[in-house]
Amino acid sequence: MGAKGAETKQRMIEATRSSIERRGYFGTGLNQILADSDTPRGSLYFHFPGGKDELVAAAVTQTSGSIDAALAQADLTDPAGAVTDLITVLGDRLEASGWECGCPVATVALEISGTNDTVQRACAEVYERWTETLRISLRAAGYENADDLAVSLLAMIEGALLLAQTHRDRTPLERAARVARTLL
């Protein structure tokens, strides 16, 4: 694939990422993605032969990069600080989006993970990567229960994001950060 093809593919992924985060899987239509990315219909099936599911899976994988970046910048030798920093980054992102963009994966995961294997696998891989990053940090800090803590912390963060988005208020995130510091 040449540079122009790669650029077209990236525009489609970006348009999909933006749409699924705000509208979910079912609220994201192919015609809107094509219009938003300024690409012809033929490009969709050229780059994503699996259609919408393959495109959404690619968008989920790529959009998780904002969390990956936040985790990469966090001081993982200080798990409590890293989790607090992550919660702050997510809260800033959520608030800056007008309370539309919570977790870049959760909207889709909640909507169709039980019925769509392609998208479910993409969501599961992202969550496993985040959990593993937390697990490694916790193990390095000496936590014997790192596996349980990593899953619990991620679940707490995801729940706090959902509550903050629903209430349009950072308080659930602030409370989750306090509890994370207490746990750690």
| field | Number of the exception - residue 69 against (1) among the small types (Gly, Ala, Ser); (2) in the same structural domain as residue 96 (by TED's automatic domain parsing); (3) touching a helix residue (DSSP H, G or I) at 6+ places or on another chain (Cβ under 6 Å) | value | (3)
| query | Taking the range 75-101, which residues are more than 18 Å from residue 128 (Cα to Cα) and assigned to a loop (DSSP other than H, G, I, E, B)? | reply | 75, 77, 78, 97, 98, 99, 100, 101
| query | Considering only the range 102-123, how many residues are assigned to a helix (DSSP H, G or I) and either of a type in the set (Lys, Arg) or touching a residue at least 12 places away in the same chain (Cβ under 8 Å) (or both)? | reply | 11
| field | Residue satisfying all of: in the range 160-178; of a type outside the set (Lys, Arg) and either surrounded by fewer than 15 Cβ atoms within 10 Å (Cβ to Cβ) or in a loop (DSSP other than H, G, I, E, B) (or both); nearest to the chain's Cα centre (by Cα) among these | value | 166
| remark: For the range 48-73, the count of residues that are free of Cβ contacts under 8 Å to residues at least 60 places away in the same chain, among the hydrophobic types (A, V, I, L, M, F, W, C) and over 22 Å from residue 112 (Cα atoms) equals 3
| Given (1) within 12 Å of the chain's Cα centre (by Cα); (2) assigned to a helix (DSSP H, G or I), index of the condition residue 11 fails | (1)
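The values are calculated or read from the model by the stated rules, or taken from the named source; none is laboratory data. Predicted model, so just to flag it, every value in this text is computed and none were measured. Positions of Cβ are backbone-derived with ideal geometry, glycine not excepted, and every protein chain shown enters the neighbour counts.
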